[in-house]
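In what follows, a structure is listed as structure tokens, so that the remarks can point back to it.
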Amino acid sequence: MTLAGDLVAIGGLLALGPAALTLSRVRHLSSLIYGGVFLICLLLTGGALRGLLAGAAPEALTLPLGLPWLGAHFRIDALSGFFLAVVNFAAAAASFYALGYGRHEKAQSRILPFFPPFVAAMNLVVLADDAYVFLLSWELMSLASWALVMAHHREGDNARAGYVYILMATLGTFALLLAYGLLGGADGDLSFSGMRGHPPSAAVAGAVLALALIGAGSKAGLTPLHIWLPLAHPAAPSHISALMSGVMTKVAIYGFLRIVFDLLGPAAWWWGVPMMATGAATAVVGVLFALLHNDLKRVLAYSTIENIGVIFIALGLSLAFETNGQGTAAALAMTAALFHMLNHSLFKSLLFFGSGAVLTATDERDMGRLGGLLNAMPLSGLFMLVGAGAISALPPLNGFASEWLIFQAILLSPSLPSWTLKLEIPAVGALLALAAALAGACFVRLFGVSFLGRPRGEAARRAKEVDRFMLGAMGALAALCLVAGVLPGYVIDALSPIVHLLVGARMAPQTDLGWLAIAPVAESRSSYDGMLVFLFIASSALLAAAVIHRLASDATRIAPAWDCGFPDSNPATQYTPESFAQPIRRVFTGFVFRAREKVDMPAPGDPRPAHFGLSIQDLVWDFVYRPVTRGVQAGADRLNRLQFLTIRQYLSLVFGALVLLLLALAIWT
Amino acid sequence: MDRLYFDIAHLLAGGLVLTSFMLLYQDRLYALLNTYALQALVLALAVGWQAHIQHAAHLYITAAIAVIFKALVIPFALHRMVAQLGVHREVESVVSLVPTMLAGIALVALSMVVMLRVTEGADPLAREDLAFALSVILLGLLMMVTRSNAVSQVVGFMSLENGLILAAAAAKGMPLVVEISVAFSVLIALIVIGIFLFRIRERFDTVDLQALDDFRGERR
């Protein structure tokens, strides 16, 4: 599909929003809208994939919209094409899922008008070729997603989540606006081609990097700008959460890639240092908080933060290698980053869909009241298990393939000449390993507590399997997680044109190796064969199952004396989510969070019940945001006096400002 | 001959600055209005001279507007207003005269420094006129800031506008439409301010704006 076709399709998406408003009386409106979005997104995905695999040349188009002297520039190259495919595939899956999920939705009229424009805005961000279109689409994306977050604004903390989100989104857009202002240079050229032609000086480029980290980082969830994400993502309906977590964060990374790897010109060696440091901090902070919370969707949102950290580590590595002239290593890290983005969009969408299925079946998001869902919802449970395994980087699933590639890149760091990088990268690698291990624990906890064991509440006991649409969407994503994990070589080869575009080098073709193996550096050094691992795991598991059934099932069993440690059938005797996380909570408290446990144990003979209280405090709030809000408040109080001046004093202010500026002009020139 | 042209233009523009100082110095309302009329007359002469030098016929219209409206209609209207208001005819100032005059001298110096430096390489005639125009504008603003009498604030505003016209006449190529619209906007402003003056007087029996502040409970 050509760029013009893409834009027509996106225009169709944009039109579906107002259509949902005007047709609000039509029956089955939600099926119509979601069906429409599904078809359009499928078309766009197909077009983007075909362009990507065929190696289509970049294509540009200028529409006479927007600023009269600028027009609206659009362009599709390999990078845009990749993100277009990621965005639209996930959006198609989400709309298919919503065909089922949307039926249980009470606030239809507050979701349907915003969902198609949200998807369209993400598409436009990816296709934009000038700062004006980019920022406009970016802001549309923020506002549409904000409206979706606020769909259930009367529930719980959702209104506050929306407020924090819109503040952080404004900050991010503002930072990007400044970044583009700096990139535009003195003559204010807003088109990307103009920016590419005039790379800024080193100091300005550093400032642009910082602004891009703030602007794109606040949207993607880099710490300490991540605070809105665990509030806002769970507040939205589940298919929206999936899109926000799985795709919108990727669009933010696209913005970062476009600015830093494309528009900013040649990189300096130290750029990778702050990127890797924030990435590592983000990964660890994200996964630690994911371990502490009981709300299914909040855990997933925190885990998104972790994965964004992982991706930023890989991006920083790629820059570090590229600036030191190690092209293949840079290509390896960049491939890993893009691969992980793709994977995260798949399994994070899958997991959010799964949590939406749990929500539909039980009306409950608190893990502490779930349990035993696997019996009632076997298919959802299986898909959730695949997603959990993938995000915990278990072979043979896709999460393992991409994280393994990142570690391969980290292992290449001793060859770097700079001592800063030589010292930083192993530390980052250690933090990454910590985050990966904790992520495993986190998803064991999530899946184990909610799907295994026995139901902890009435809602979990009455759960039923969800409908075909939701299962279909989850099944497709789960299958893709497996396919991408088993055949990583094809994915890596498909990514190589994008990698070449970004870092000017590419990895050796992997599909030539045979046996479906991949060898990122050299075959003698390390290689991985997803298919082999998959076959081995499958065959050994089947064999073990067969052996156990054959040998154990026939034997006479007399039950129960002590009932395998389960003499008491009360579900409260099971591991709770809090108890599962307790060791980690105690080890890390005071480091990024403060956890206070309060035990209220009545004296012997006192009949009142004992109480255990747990409070968790995010230190980022205490050390970053409280001082900022206090400062703003104090400043506003001071400035408040300006509202009550007399006419003459206002005139004096204007006069004083004028004289001051003239003085500055007189002294400065 | 060129030298003479330049000197006369210089003299007239300088005369405008001088009348601005005279405006600053007045402490009686009627004298203030008369000085304003004088300034408008000087402005008309300066603009007319520019028209002669530049051979720009439309500047004669600007000069005519200056004479008719600024030197005759507006001062006359303000005279009548002050008479009808029946307030005492003294200008209440917030800052006393001597510091105001000193500040005025400093402002003229500042505008000279800024303008002469910024417009380096431009036509010397335009340079001088622009510098004087900026001085007139700043002095008008200074007058608005240091006087608390509403009438003298109006006069300050008008003299500020005179500075703008001088600048516009000096910079060649200002379209007539713009000048006429500026003149009319000033006229409208005068009407609006006049109505306000009467309203203020009705309520507070004075046109001293300090009374408004006192009424709001502000301290001096």
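Along the charge dipole of chain A, which of A:Pro604, A:Val26, A:Asn88 sits closest to the positive end, that is, farthest toward it, with unit charges on the beta carbon of Lys, Arg, Asp and Glu (+1, +1, -1, -1)?
A:Pro604
Any chance you could look up the accessible area of A:Trp146 with a 1.4 Å probe, heavy atoms only, rounded to 10 Å²?
The value for A:Trp146 is about 80 Å².
Given points 7 Å out from each Cα along the Cα-Cβ axis, report the B:Thr119 to A:Leu653 separation in nanometres with one decimal.
Going by the 7 Å Cα→Cβ label model, 3.1 nm.
Note the angle between two axes, namely the Cα long axis of helix A:29-54 and the longest principal axis of the Cα atoms of chain A, as a number of degrees from 0 to 90, rounded to the nearest 10.
The two axes meet at around 80 degrees.
Determine the gain in length on full extension of the stretch A:Ala664-A:Leu167; use 0.36 nm per residue of separation and subtract their C-alpha separation, reporting nm with one decimal.
175.5 nm
Pop a pseudo-label 7 angstrom from the Cα along the beta-carbon direction at both B:Met22 and A:Val8 and give the gap in nm to one decimal.
With each label placed 7 Å out from Cα toward Cβ, I get 7.6 nm.
For peptide B:102-108, compute the average count of partner chain beta-carbon atoms within 10 Å of each residue's beta-carbon. List each step's numbers first, then the result.
Numbers: counts 0, 1, 0, 0, 1, 4, 0.
What the average comes to for B:102-108 is 1.
Once the Cα atoms of helix A:158-184 and of chain A are each reduced to a long axis, what angle between those two axes, in degrees from 0 to 90 to the nearest 10, is obtained?
Rounded to the nearest ten degrees, it is 40.
How big is the Cα convex hull of chain A in projection, averaged over all directions, in nm²?
Values: hull surface 154.4 nm².
One quarter of the hull surface, i.e. the mean projection, equals 38.6 nm².
Starting from the residue with the highest accessible area, list A:Asp262, B:Asp7 in decreasing order, probe 1.4 Å. Show your work: numbers first, answer last.
Working: A:Asp262 40, B:Asp7 65 Å².
The ranking, largest first, comes out as B:Asp7, A:Asp262.
Let me check something: with ligands and nucleic acids excluded, how do B:Ile200, A:Ile10 order by accessible area (1.4 Å probe), largest to smallest? Show your work: numbers first, answer last.
Details: B:Ile200 30, A:Ile10 0 Å².
Sorted descending by solvent-accessible area, the residues read B:Ile200, A:Ile10.
May I ask you to derive the FRET efficiency for A:Ile616 and A:Arg110 from their Cβ-Cβ distance with R0 = 35 Å, giving the value to the nearest 0.05? Please list the in-between numbers first.
On the way: r = 31 Å, r/R0 = 0.89.
Plugging the Cβ-Cβ distance into 1/(1 + (r/R0)^6) gives 0.65.
What distance in nm separates the simple spin-label points at A:Asp637 and A:Trp270, each placed 7 Å from Cα in the Cβ direction?
Simple spin-label model gives 3.8 nm for this pair.
What do you get for the angle between helix A:468-486 and the principal long axis of chain A? Use alpha-carbon atoms, 0 to 90 degrees, nearest ten.
80 degrees
If every alpha-carbon in segment B:50-206 counts as one equal scatterer, what log10 I(q)/I(0) does Debye give at q = 0.08, 0.17, 0.19, 0.20 1/Å?
Log10 I(q)/I(0), no solvent term: -0.28, -1.08, -1.22, -1.27.
Please give the contour-minus-distance gain from A:Glu458 to A:Ala479: 0.36 nm per residue of separation, less the Cα-Cα distance, rounded to one decimal in nm. The partial results should precede the final answer.
Details: separation 21, 0.36 × 21 = 7.56 nm, distance 3.21 nm.
In short, 4.3 nm is gained.
5 Å is the cut-off here: which amide hydrogens, built 1.01 Å from N in the peptide plane, fall below it relative to A:Ile518, excluding neighbours closer than 5 in sequence?
Here A:Tyr528, A:Asp529, A:Gly530 satisfy the definition.
Could you work out the relative contact order of chain B? I mean the mean sequence separation of Cα pairs under 8 Å and 6+ apart, divided by the number of residues, in percent.
Details: 262 pairs, mean separation 49.7, N = 220.
Computed over chain B, the figure is 23 percent.
Taking 1 over the mean of 1/r across every pair of different Cα atoms in segment A:589-668, what Kirkwood radius in Å do you get? Write out the running numbers ahead of the final one.
Working: mean 1/r = 0.0538 Å⁻¹.
Answer for segment A:589-668: a Kirkwood hydrodynamic radius of 18.6 Å.
Calculate the FRET efficiency for A:Gln582 and A:Ser193 from the Cβ-Cβ distance with a Förster distance of 41 Å, rounded to the nearest 0.05.
Values: r = 56 Å, r/R0 = 1.36.
E(calc), rounded to 0.05, equals 0.15.
Quick one: order B:Arg203, B:Arg89, A:Arg454 from most to least accessible surface, probe 1.4 Å.
On the way: B:Arg203 175, B:Arg89 105, A:Arg454 65 Å².
Solvent-accessible surface, decreasing: B:Arg203, B:Arg89, A:Arg454.
What's the magnitude of the charge dipole for segment A:589-668 around its Cα centre, counting Lys and Arg as +1 and Asp and Glu as -1 at the beta-carbon? Answer in Debye, nearest 20. Show your work: numbers first, answer last.
Working: 9 positive and 6 negative charges, 71 e Å.
Dipole of segment A:589-668, to the nearest 20 debye: 340 debye.
Quick query: amide H of A:Asp130 versus all other amide H atoms, modeled in the peptide plane; which residues come in under 5 Å with a sequence gap of 5 or more or a different chain?
A:His73, A:Phe192
Given 0.36 nm per residue, what is the gain on full extension from A:Val547 to A:Tyr575 after removing their alpha carbon distance, in nm? All intermediate terms of the calculation are to be shown ahead of the outcome.
Details: separation 28, 0.36 × 28 = 10.08 nm, distance 3.00 nm.
Between A:Val547 and A:Tyr575, full extension yields an extra 7.1 nm.
As a test question: what accessible area, to the nearest 10 Å², does A:Lys464 have when a 1.4 Å probe is rolled over all protein chains in place?
Accessible area of A:Lys464: about 150 Å².
How much solvent-accessible surface does A:Ser109 expose, in Å² to the nearest 10, with a 1.4 Å probe and all protein chains in place?
90 Å²
For segment A:319-391, what mean projected area does the convex hull of the alpha carbons give, in nm²?
On the way: hull surface 24.4 nm².
Value for segment A:319-391: 6.1 nm².
The values are calculated or read from the model by the stated rules, or taken from the named source; none is laboratory data. Given the structure is predicted, the values throughout are model-derived calculations rather than measurements. When we count neighbours, we look across all protein chains shown, and the Cβ atoms used for this are built from the backbone with ideal geometry, even at glycine. Ligands, DNA and RNA are excluded from the accessible area calculation, which covers all protein heavy atoms including side chains. Shrake-Rupley method; radii C 1.70, N 1.55, O 1.52, S 1.80 Å.
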